[in-house]
Amino acid sequence: MSTVETATDISTFTVDISDEAIEDLRRRITTARWPTKEVVDDDTQGVQTKMLQELVRYWAEEYDFGRLEARLNELPQFITEIDGVDIHFIHVKSEHENALPIIITHGWPGSIIEMLGIIGPLTDPTSYGGTEADAFDVVIPSIPGYGFSGEPTEAGWDSARIGKAWAELMSRLGYTSYVAQGGDQGAGVTDAMGRQAPDGLVGVHFNFLDAVPKELLMAALNIRLAFSGDERDELSKVIAVVMRGYIAEMGEHPQTIGYSLVDSPIGLAAWMLDHDADSYGKISRAFLEGQASGNLTRDEILDNITLYWLTGTGASTSRLYWETGRAGKASLKDPPPHVRIPVAYTVFPQELFQAPRHWVKSAYHDLIYYNEAEKGGHFAAWEEPEIFAAEMRAAFETLRDEGSAS
Amino acid sequence: MSTVQTDIQTFQIDIPEEKLADLRRRISATRWPTKELVDDRSQGVQLEALQALARYWETDYDWRKAEAKLNALPQFTTEIDGIEIHFIHVKSEHENALPLIMTHGWPGSVIELLETIGPLTDPTAHGGTEDDAFHLVLPSVPGYGFSGEPAERGWWAGRVAQAWPQLMNSLGYTRYVAQGGDVGAAVTDAMGRIAPQGLVGIHTNLLVPALGGSPMPGNTDEEKAALAQAGEFNTSGRGYFLEQATRPQTIGYALLDSPVAMAAWMLDHDTDSYYKIAKAFVDDQPTGNLTKDHILDNITTYWLTGTGASAARSYWESGQAQAAAAAAGQTPPAVGTEVVGFTAFPGEIFVAPRTWVELGYPNLTYYNKAAKGGHFAAWEEPEIFTTEVRACFESLR
C-alpha cells in the first residue's frame with residue numbers, strides 16, 4: 001500500500017477465525033430446538049421451517065467454514081481508528097492511473113460480503129467488458145458495529161456520524177476527489193455524506209431512496225399533495241417498509257432482539273432472511289431448489305450470516321436502526337441541509353419500492369443520472385454485480401473529467 | 001359436579017429431568033451481546049437485568065416447585081374444536097359460588113392467575129364472605145402452555161371465545177361470568193359480543209375496544225394522559241407486537257432455541273412491568289407477587305412447553321381477523337351481558353378513563369380505578385384484583 005496509509009495509523013488486517021468458534025457454531029446448529037411448522041403454506045407467517053431447516057442442514061453439513069476467511073484474506077484489508085471506533089475496510093486500488101475513488105457502504109442485513117462481487121468489475125474493468133476509463137479505486141468499509149469494525153460504546157453513531165467518519169477515511173487514504181455509493185442503510189450514510197458535502201466528495205449514487213420515504217411519509221399526512229394511482233402503489237410499499245416488524249423492533253429495542261441474534265444461530269439466520277419478500281423468495285429457491293438468483297448463492301448467503309455470527313454483532317448492528325430512528329426524529333425539528341452535489345440513482349426492479357424519477361428529483365435537485373436496471377433486487381450489488389458495476393460506470397461517467405487523485 | 005363428561009381427563013405435569021438439564025446447559029452456554037449504550041430501557045431489556053435473571057435461573061431456580069404447585073391443583077384436559085385444552089378447575093366449597101372463567105394473556109399463562117385461586121374460591125379465608133365465592137376455571141389458550149397447538153389457521157381470540165362456552169357447558173355450568181386481561185381481555189371481550197347462553201357478565205382489565213377501530217377522544221386531562229400513554233407504547237413498545245402479528249414464525253425460531261432470547265422477548269412487554277421485574281432480579285425487590293420465582297415459573301413454562309412460536313401466532317391470527325373485519329366493514333356487535341365491568345390499573349399500558357370504557361361498552365355496569373397494579377394485575381396484586389372481580393359481579397349474586 002502507499003506510504004500515505006502507513007503514515008496515518010492504518011494497519012493491515014487479516015481475518016483469523018478460531019476452530020473453537022466454528023465448532024461452537026456447528027454444535028449450536030446441530031442442537032437447535034425447532035418450533036412447529038408455520039400453519040400456512042406460504043411466507044405470510046415469516047421464514048418457513050422447511051426453508052430454514054434446509055439452510056441449516058447445508059450450513060452444518062456442506063458449507064465450507066474456511067471460505068469466509070479465505071475470501072476476505074485474499075483482499076487488502078485494513079483497520080484504522082476514527083472517532084474512537086476501529087474501522088475495518090477493504091481497499092482495492094485499480095491498476096489504472098485515473099481510476100475514480102469510490103467508497104461503498106453496505107446495509108443491514110448485509111456486510112462487506114455483499115460488495116465482494118463488484119470489486120473485480122469496478123477495479124479491473126478491462127477484464128469485465130469495460131475500458132480503462134471505467135476504473136475505480138474501491139473502498140468498502142464495515143459500518144461501526146458491523147462485521148470486523150469495532151462496536152460503538154456510546155450512543156450517537158447515526159448515519160451522519162458514520163458519514164463524517166467515511167470522509168475522514170477517504171482523506172486518510174489520500175483521496176481528494178471521490179464519489180460515494182450506498183443502498184439500504186448504506187444509502188442513509190451516503191445521503192448524510194451528500195448533505196455534509198465534505199471536501200473531495202464530488203458525487204453520490206444510490207440504489208435505495210433513503211431521503212424520500214421520510215419526506216413522503218410526511219407528505220402523505222398532507223392532503224394537499226395528490227398522488228397518482230401508480231404513486232399510491234409505491235407509497236403504500238414505502239409505508240409497508242416502515243410497518244415491518246424487524247424495523248420496529250430494531251428501531252425501538254435493539255438490545256432485546258440482540259440476545260437472540262447473538263445466542264441462537266437459527267434465530268439469527270431467520271431474522272436476517274426475513275428482510276423483504278423478493279430476496280426471501282430468491283434465497284428460499286437457492287436452498288430449496290438449488291436455483292440461485294444471480295450471485296445470491298447458498299455459499300454467499302451463508303458467508304454473510306456466518307460473518308454476523310462469528311463477529312457476534314447481532315445487537316450492535318441492530319442499534320444502527322435505533323440510531324436512525326433517533327436521528328430521524330431529531331431531523332424533523334432540525335432538518336439537515338439539502339444535497340447540493342451531483343446525485344445519481346438506479347432503480348432496481350425488485351427493490352422494496354421503485355422510486356419514480358421525480359421522487360428522486362424532489363429529494364436531490366442535481367440529479368445527473370437516473371436509470372431503471374433490468375434485473376436485481378434489494379441486494380443489487382450482491383445479486384447482480386455486473387449490472388451494478390455497469391450502473392456505477394454510467395452514473396459517474398460525467399464526474400470523471402473533474403479529475404481524481406490519490 | 002353433576003355433568004362432568006367422560007372426555008375430560010385429569011392432567012399432571014411431569015417434565016423429564018433431561019429437559020431441565022438441557023435448559024440449564026443452554027443458559028450456561030449463552031453467548032451474550034455487549035451492553036446496551038443507554039442507562040434505561042430505551043434500547044430494550046438491559047444486559048444487567050437479563051444476566052441477573054439468567055444467573056438465578058441456572059443456579060437457584062427450582063422448576064419442580066412450580067410443577068408441584070400446579071400438580072396440587074385439579075388440572076384437566078379436554079378436546080374442543082380439535083384442540084386439546086388444558087385447564088385448572090377449582091370449585092369453591094360454597095354452594096352458591098359463581099362460576100368464573102379467567103383467561104391469561106401474552107407473555108402470560110395460567111401461572112399469572114394462580115395466586116387469585118385462593119381469594120376467589122375461598123373468600124372466607126381471604127377477607128371476604130361466602131357470597132364472594134367463585135368456582136374458577138383457568139384454561140390455557142390454544143398454543144400456550146399445556147394446551148395443544150393449533151395446526152391450522154383461524155385460532156384468533158374470537159375462536160377461543162367460542163371454545164370457552166363449550167368448556168363451561170361441559171363442566172355443567174349454565175350461568176357463569178368471564179374475566180381477562182391482555183389477550184385474555186380480547187377473548188373475554190369477544191365472548192361478551194358473542195353472548196353465548198349462560199354468560200351473564202364480563203370483566204376486563206385491558207380496554208380491547210381502544211386497541212383497534214376509531215381513535216379515542218382526548219378532551220379531558222385524564223383522556224389526554226391515556227392518549228399519551230398509548231402513544232408512548234406505539235412509538236417505543238410496538239416492535240414485539242408488530243413482529244408477532246406479522247412474522248410469528250421468524251421470531252419463533254429464537255424463542256424455541258435460546259432461553260435468554262425468549263426471556264428477553266417476554267420481559268420486554270411494557271415499561272411498568274419491565275422495571276418491576278428488573279428490580280426483582282437486580283435489586284431483589286419484587287413488586288407485589290411478581291417475584292423472581294413467579295416470573296421464572298412463567299418463563300420456564302413457555303420454555304418447557306416450547307410454545308414461543310405457537311403463542312406468537314395468536315397475535316398473527318388476531319391481526320388477520322381484524323384486517324378481514326376491517327376490509328369487510330364489519331363492526332362487532334355490542335356486548336350484551338347483564339354485567340359489563342372494567343378495572344383500570346394504574347401501571348397498565350394506558351389507564352383507560354371511564355369515558356373511553358363507556359365508548360367501548362355502552363352498557364358498562366362497573367368501573368373502578370384500582371390503587372395498585374400494572375399490566376399483570378392478577379399476578380402482581382391478587383388481593384386487589386380479587387376485590388375488583390368480587391365487586392364487579394356482586395349484582396349477579
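The selection criterion, being touching a helix residue (DSSP H, G or I) at 6+ places or on another chain (Cβ under 6 Å) and surrounded by fewer than 23 Cβ atoms within 10 Å (Cβ to Cβ), does not hold for residue B:373.
The one condition from (1) crowded, with 21+ Cβ neighbours inside 10 Å; (2) free of Cβ contacts under 8 Å to residues at least 60 places away in the same chain; (3) within 26 Å of residue A:259 (Cα to Cα) that residue B:46 does not meet is (2). Can you tell me which residues in region A:131-144 are over 19 Å from residue A:207 (Cβ atoms), outside any helix (DSSP H, G or I) and over 13 Å from the mean Cα position of the chain (by Cα)? Selection gives A:131, A:135, A:137. Of all residues in region B:231-240, those that are under 17 Å from residue A:250 (Cβ atoms), more than 8 Å from chain A (Cβ to nearest Cβ) and touching a residue at least 24 places away in the same chain (Cβ under 8 Å) total 0. Condition check for residue A:107 on (1) touching a residue at least 60 places away in the same chain (Cβ under 8 Å); (2) out of contact with any strand residue (DSSP E or B) (no Cβ under 9 Å at 6 or more places or on another chain); (3) part of a loop (DSSP other than H, G, I, E, B): one failure, at (2).
So that you can scan it fast, the table gives a plain yes or no per residue for (1) under 19 Å from the mean Cα position of the chain (by Cα); (2) surrounded by 22 or more Cβ atoms within 10 Å (Cβ to Cβ):
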site: B:259; (1), (2): no, yes
site: B:279; (1), (2): no, no
site: B:287; (1), (2): yes, no
site: B:291; (1), (2): yes, no
site: B:301; (1), (2): yes, yes
site: B:306; (1), (2): yes, no
site: B:311; (1), (2): yes, yes
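Criterion first (within 20 Å of the chain's Cα centre (by Cα), more than 14 Å from every other protein chain (Cβ to nearest Cβ) and charged (D, E, K, R)) does residue A:333 satisfy it? For residue A:333, the condition - within 20 Å of the chain's Cα centre (by Cα), more than 14 Å from every other protein chain (Cβ to nearest Cβ) and charged (D, E, K, R) - is not met. Out of B:18, B:36, one residue alone is under 16 Å from residue B:264 (Cβ atoms) and either acidic (Asp, Glu) or assigned to a helix (DSSP H, G or I) (or both). It is B:36.
Annotation: residue A:47 fulfils all but one of (1) surrounded by 15 or more Cβ atoms within 10 Å (Cβ to Cβ); (2) within 14 Å of another protein chain (Cβ to nearest Cβ); (3) not in a loop (DSSP other than H, G, I, E, B); the unmet one is (3).
In region A:154-175, is there at least one residue being crowded, with 21+ Cβ neighbours inside 10 Å, more than 20 Å from the chain's Cα centre (by Cα), part of a helix (DSSP H, G or I) and touching a residue at least 40 places away in the same chain (Cβ under 8 Å)? There is no residue in region A:154-175 that is crowded, with 21+ Cβ neighbours inside 10 Å, more than 20 Å from the chain's Cα centre (by Cα), part of a helix (DSSP H, G or I) and touching a residue at least 40 places away in the same chain (Cβ under 8 Å).
Going through (1) away from chain B (no Cβ under 14 Å); (2) surrounded by fewer than 18 Cβ atoms within 10 Å (Cβ to Cβ); (3) more than 28 Å from residue A:151 (Cβ to Cβ); (4) in contact (Cβ under 8 Å) with a residue 60 or more places away in the chain one by one, residue A:93 falls short only on (2).
The set of residues from region B:52-88 being closer than 30 Å to residue A:156 by Cβ and either part of a strand (DSSP E or B) or more than 10 Å from chain A (Cβ to nearest Cβ) (or both) comprises B:52, B:53. Pick from A:21, A:99, A:60: which is in contact (Cβ under 8 Å) with a residue 24 or more places away in the chain and either within 12 Å of chain B (Cβ to nearest Cβ) or surrounded by fewer than 13 Cβ atoms within 10 Å (Cβ to Cβ) (or both)? None of the other options fit; the residue is A:21. Across region B:89-139, the number of residues qualifying as in a strand (DSSP E or B) and polar (S, T, N, Q) comes to 1.
Looking at region B:359-379 only, could you name the residues that are more than 15 Å from residue B:193 (Cα to Cα) and of a type outside the set (Ser, Thr, Tyr)? Those that are more than 15 Å from residue B:193 (Cα to Cα) and of a type outside the set (Ser, Thr, Tyr): B:368, B:369, B:370, B:371, B:372, B:373, B:374, B:375, B:376, B:377, B:378, B:379. In region B:249-328, counting only helices (runs of 4 or more DSSP H) that sit wholly within it, the ones holding 1 or more residues that are more than 9 Å from chain A (Cβ to nearest Cβ) and farther than 14 Å from residue B:144 by Cβ span B:271-282, B:292-305, B:308-327. Annotation: residue A:118 fulfils all but one of (1) in a strand (DSSP E or B); (2) of a type in the set (Val, Ile, Thr); (3) crowded, with 21+ Cβ neighbours inside 10 Å; the unmet one is (1).
Quick check: anything in region B:2-10 among the polar types (S, T, N, Q), modelled with pLDDT under 95, in a loop (DSSP other than H, G, I, E, B) and farther than 26 Å from residue B:70 by Cβ? Checked against the condition, which is being among the polar types (S, T, N, Q), modelled with pLDDT under 95, in a loop (DSSP other than H, G, I, E, B) and farther than 26 Å from residue B:70 by Cβ, region B:2-10 yields at least one hit. Considering B:351, B:357, which residue is at pLDDT 95 or above, of a type in the set (A, V, I, L, M, F, W, C) and in a helix (DSSP H, G or I)? Just a single option satisfies the conditions, and that option is B:357. Of the helices (runs of 4 or more DSSP H) lying entirely inside region A:228-319, the ones with 1 or more residues being within 12 Å of chain B (Cβ to nearest Cβ), of a type in the set (Gly, Ala, Ser) and touching a Leu at 6+ places or on another chain (Cβ under 6 Å) are found at A:245-252, A:265-273. Please indicate, with yes or no, whether at least one residue in region B:19-37 is crowded, with 16+ Cβ neighbours inside 10 Å, polar (S, T, N, Q) and closer than 30 Å to residue A:311 by Cα. Within region B:19-37, one or more residues are crowded, with 16+ Cβ neighbours inside 10 Å, polar (S, T, N, Q) and closer than 30 Å to residue A:311 by Cα. Of the helices (runs of 4 or more DSSP H) contained entirely in region B:143-238, not one carries at least 3 residues that are hydroxyl-bearing (Ser, Thr, Tyr).
The values are calculated or read from the model by the stated rules, or taken from the named source; none is laboratory data. What you see is a predicted model, and the numbers here were worked out from it, not measured in a lab. Cβ: placed from backbone, ideal geometry, glycine included. Neighbour counts: every protein chain shown.
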